[in-house]
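Below is one structure; the comments refer to it alone.
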Amino acid sequence: MSLIVFVGVNLVGDPVDMLINPEADQLEIERVIRDLGLDRPVAEQYWYFMVNAFQGDLGRSFVFGEPALKLIIQRMPATMELALFSLLIAISFGIPLGVYAGLKPHSKISRTIMAGSILGFSMPTFWVGIILIMFFSVHLGWLPSTGRGDVATYFGITSSIFTLDGLSHIFLPAFNLALFKLSSVIRLARAGTREVILQDYIKFARAKGLSETKIIRVHLLKNIMIPIVTVIGLEFGSLIAFSTVTETVFAWPGMGKLIIDAIYNLDRPIVVAYLMIIVLIFVTLNLIVDILYSVLDPRVRIKGVS
Amino acid sequence: MRCTVDPILQIKDLQTHFFTKAGVLKAVDGVSLEIKSGEIVGLVGESGSGKSITGFSIMGLVDAPGQIVGGQILFKGQDLAKLSPAEMQAYRGNRIAMIFQDPMMTLNPVLRIETQMVETILSHDSSVSKVDAHARARDALGLVGISSPDERLRAYPHQFSGGMRQRVSIAIAMLNRPDLIIADEPTTALDVTIQGQVIHEMQRLCQETKTALLWITHDLAVVAGIAERICVMYAGRIVEKGANANIIAAPMHPYTKGLLGSVPGQNRRGQPLQQIEGMVPSMMNLPKGCAFQNRCNLVSDICTSTNPDATSTKDGRLVRCHNIAAGDRA
Amino acid sequence: MAGKAATTTGAIPASGWQKFWSDFCESPTAVGALFVFLVILFIAVFAPFVSPTNPYDLASVDIMNSRLKPGSEDFEGNVYWLGTDGAGRDMLSAIFYGLRVSLGVGAFSGVVALVIGAAVGLSAAYFGGRFETLTMRIVDIQLSFPSILMALIILAVFGKGVEKTIIALVLVQWAYYARAARASALVEKNKEYVEAAQCLALGDRRIILHHIMPNCLAPLIVVGTLQTAHAISLEATLSFLGLGLPITEPSLGLLIGNGFEFMYSGDYWISIFPGIALLITIVSINLVGDQLRDIFNPRLQR
């Protein structure tokens, strides 16, 4: 992956322009070229790049003058916090709504839910953010529209959700981010429910005299979780990607806002560093999902007879 | 407690209809049968005859768009058809249990056997402790002949073979010592060798525990082996009902005769296999008169105009046919 | 319903246009959405003729008219139905022109992506082997990345501008088309008429283009509608962030972005109305696409 990025950066433009501040004068440029080894053959450059990368040196930001990696890592907790909280909202609302829509597909409420999910899917994230701000902040004045609130530390985790002020700040952007995921989760839960509820083992559970709530809670839920978890896990990546938009709209101090500003300001080192981090996150995510899948589905974990 | 009200199950003129967009499907159209306590009764019929729906009707598990539209299902005097879903739930898995056809799909693949057994116990008696429930589950597995029950309890369904899974289903059915077990084609999906074992197990169990058993199947040979009484069903109605020995030795209804005749073992080598001509009529378009008319070799005018009533015979059967010999009638 | 045979994927038989239309009309929502979309399309195509003013003609714009509320009049008696923006431009006209850009870019990139994606997908399915494995692997990798991320990366590397944005949109979308094309081509490939054509020694290109492709059109059209909505949404997001189309080609996203700052002082119309226009466009396309998908889904009994 790093090879692709490196080749891409080198191929597409003059790396001198890429990695050196366009405002620097000739002397500075030459110094940086020597520093960065750009006067050496490409293969050697790549080698140095990797060596540096492993030591955590991915170049310095033009705008901030700080090492790019450090800047990104500084901002990562804020983004993670936002993304995880959004995921929480999406799951805790999405699954019950989806299961309900699956159990009673023709009721008025279900139809409303499904119509709402099309809407949620169509509305661009940034526009929802704007509407939310306009309504809850400007118009009603209930919730703040920008920035992150106070943080507190519990169990070694520093997060803004532990404070009331923090919660009020995170709520709108998290809800915004969650909306898109919500419609996905609802559709998945509904489809899964409609399929599972027709299975023989559900009928058998009824024949055993189990109450309908117990059947839904134990038998149904565990079976639909498998595909939902897989998709959600993989889509967590897209949550992080869309956080770029939400963070910009709500001025949330995370990685996303950093990268947007960086692209705007042509701050290449940050772009490169961000890319590498993202790839790392994606690979880790895939791993986690695989593990989760085998935990949830015993057929994968334990070899069977037939 | 072993009940003493006899018969424990008495179905009177049960009607279960399906209201589909294309029309009304009379899956069960006037079925009456009785089961005494501890008795094994076979309900035989081909696919589409309504036999499974009869079983589901008793359990109150008829799926939409079907519903019970008439008749009574008297279980120990209580009409099950009139009960609310919550009341019916108390009976299911408790006093009346059901075993399904396909053991692969009746057990939830992501839950352990123990979970699925213990929940059956706890749903009906929440005062039982987890430890006791576990012990009862273990005993039930032992009862159906599953070795090393402790290991088996922790396992998942896909780790069992088909025959073992069916035994587990039987064990689950027996957990709460029901008065009646309804078995819907329990051995159809199993290998022939396993079939024999399971049939034998069930027979032994029911005799030991004095549990009544309604064995629903399309295979006459199976029930001939274990049932005390046999009911033959066709197109939603019972066409012949009586003692096993009588029916097998001398079937009276043309359909029953055809069923027996088409069992391959009966023929000598070289003889062409007997069949019943024609096909089951569409359940939405039953002909006027006897439903068997276009496949019957005894068909006469009255058969095409009137549906035959049940006629009692000398040896204690009930047959629905216009053409029973006068000498056989009671 | 008893008696209605399930349709196979792909080709619409000649007499089937009527059937297609009657199937489509089974959903009144979809028909309504189609109507709305056609209106929008009309506006977009004929924007210069339909809109009250040309907001980008500097001579007609007066800074004195800036930030007027919707429905207000200016000194010359012009009514600004949807208000004016920070520079005095009529919002209604700006929206009309914006629709033109948004739809144009979205549709154009969609068509290009469809052609490229279908070509790759069909060839991959037809020729199979290492070519197929390689291309589909690339498709899979690309599809596992969120589209917005891909677009951001492409814009970061290539820079901003109209062509670059279109390229980004095409690169993001082609994979969806490729996957859909390959899936349906695989199904068709094994059918007998392909074998028959091969026996006639027709060239590969002819077989793919004239025989297989027409039968794959239906799923591609479904993907096309849904992807176009997605492309419009993506372009709007990029323009809003200031990374997409430049000010010379103002799309709805740009309008929304420009109006964002005015929202805090209560001049909501500069941002909201373009947003509503965007929303209506996307939702109507999605509804039509949903209905098309249901019609062409062979698993639903029709």
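Bear in mind that the values in this text are calculations on the coordinates, not laboratory data. Since we're looking at a predicted model, the values are computed, not measured. Backbone-built Cβ (ideal geometry, glycine too); neighbour counts: all protein chains shown.
Go through the stretch B:128-133 residue by residue and turn each phi into a ³J(HN,Hα) via Karplus (6.51, -1.76, 1.60, θ = phi - 60°); whole Hz please, and just put x for glycine and proline.
6, 7, 4, 4, 4, 4
Please arrange C:R130, C:R293, A:R75 by how many other C-beta atoms lie within 10 Å of their C-beta, fewest to most.
Exposure proxy ranking, most exposed first: C:R130, C:R293, A:R75.
For B:T304 and B:A325 in the same chain, what is the full-extension length gain: residue separation times 0.36 nm, less their Cα-Cα distance, in nm?
So the chain would gain 5.7 nm between B:T304 and B:A325.
Within a 10 angstrom radius of each residue's Cβ in B:108-118, how many Cβ atoms of other chains show up on average? Whole number is fine.
Average neighbour count from other chains, rounded to a whole number: 5.
Just from its helices, what would the mean residue ellipticity at 222 nm be for the protein assembly as shown, if runs of 4 or more DSSP H residues each count -39500 (n - 2.57) and the sum is divided by every residue, rounded to the nearest 500 deg cm²/dmol?
Per the formula, -18000 deg cm²/dmol.
For peptide C:100-109, what's the mean number of Cβ atoms from other chains within 10 Å of each residue's Cβ?
For this peptide, the per-residue mean of nearby foreign Cβ atoms is 0.
Run the simple label-point estimate for B:A22 and A:I118 please: 7 Å along Cα→C-beta, distance reported in nm.
Each label point is offset 7 Å from its Cα along the Cβ direction, giving 2.9 nm.
What does the convex hull of the Cα atoms of the stretch C:137-281 come to per residue, in Å³, rounded to a whole number?
Expressed per residue, the convex hull around the Cα atoms of the stretch C:137-281 is 131 Å³.
What Kirkwood hydrodynamic radius, in Å, does the stretch B:1-108 give when the mean of 1/r is taken over all pairs of distinct Cα atoms and then inverted?
14.8 Å is the Kirkwood radius here.
Taking only the alpha-carbon positions of chain B and ignoring solvent, what does the Debye formula give for the base-10 log of I(q)/I(0) at q = 0.09 Å⁻¹?
Here log10 of I(q) over I(0) equals -0.50.
Explain nothing, just the number: dipole magnitude of the protein assembly as shown about its Cα centre with +1 on each Lys and Arg Cβ and -1 on each Asp and Glu Cβ, in debye rounded to the nearest 20.
3700
What share of the DSSP beta bridges in chain B is antiparallel, in percent to the nearest 5?
Taking every DSSP beta bridge with both residues in chain B, the antiparallel ones total about 60 percent.
Once whole DSSP H runs in chain C are found, which of them have Cα atoms spread over 24 Å or more along the helix axis and a mean Kyte-Doolittle score of at least -1.0?
Answer set is C:28-45, C:91-127, C:162-189, C:213-240, C:269-296.
How big is D for the stretch B:1-59, in µm² s⁻¹ as a whole number, if Stokes-Einstein is applied with the Kirkwood radius of its Cα pairs at 10 °C and 1.306 mPa s?
Answer, rounded: 123 µm²/s.
Going down the list B:K210/B:K241; B:K51/B:K314; A:K104/A:K203; A:K108/A:K208; B:K36/B:K257; B:K26/B:K241, which pairs span over 24 Å between their C-alpha atoms?
Result: B:K51/B:K314; A:K108/A:K208; B:K36/B:K257 exceed 24 Å.
If I take the Cα coordinates of chain C and project them onto the principal axes, what are the three extents in Å, biggest first?
77, 49, 30
Between C:V45 and B:S47, what is the FRET efficiency for a Förster distance of 60 Å, r being their Cβ-Cβ separation, to the nearest 0.05?
The value I calculate is 0.50.
In square nanometres, what is one fourth of the surface area of the convex hull spanned by the alpha carbons of the protein assembly as shown?
Average projection, Cα convex hull of the protein assembly as shown: 52.9 nm².
When the Kirkwood hydrodynamic radius is evaluated over all pairs of different C-alpha atoms of the stretch B:170-212, what value in angstrom, to one decimal, is obtained?
It is 10.9 Å.
Just want the answer: with Cβ charges of +1 for Lys and Arg and -1 for Asp and Glu, which residue in C:P70, B:I99, C:M263 is farthest toward the dipole's positive end in the protein assembly as shown?
Farthest towards the positive pole: B:I99.
Whole number please: convex hull volume per residue of the Cα set in the stretch A:234-306, in Å³?
93
What ³J(HN,Hα) values, in whole Hz, does the Karplus curve 6.51 cos²θ - 1.76 cosθ + 1.60 give for the stretch B:111-126 when θ = phi - 60°, with x put for Gly and Pro?
After applying 6.51 cos²θ - 1.76 cosθ + 1.60, I find 10, 5, 4, 4, 4, 5, 7, 4, 5, 5, 5, 5, 5, 9, 8, 6 Hz.
Using C-alpha positions alone, give me the convex hull volume of the stretch B:89-243 per residue in cubic angstrom.
Once divided by residue count, the hull of the stretch B:89-243 is 120 Å³.
Summing Lys, Arg as +1 and Asp, Glu as -1, what charge do residues with Cβ under 14 Å from the Cβ of A:L296 carry, A:L296 excluded?
+2
Sequence-distant or interchain residues sharing an amide H contact under 5 Å with B:I238, placed H: which?
Amide H neighbours of B:I238: B:S32.
Please report, in Å, the Rg and the Dmax of the stretch B:159-269, where both are computed over Cα atoms only.
15.2, 49
Springs between alpha-carbon atoms under 10 Å, Gaussian network over chain C: tell me which of C:V170, C:V223, C:V194 tops the mean-square fluctuations.
The residue that fluctuates most here is C:V194.
Once every Cα of the stretch B:89-179 carries one equal point scatterer and solvent is ignored, give the base-10 log of I(q)/I(0) from the Debye formula at q = 0.12 Å⁻¹, two decimals.
-0.31
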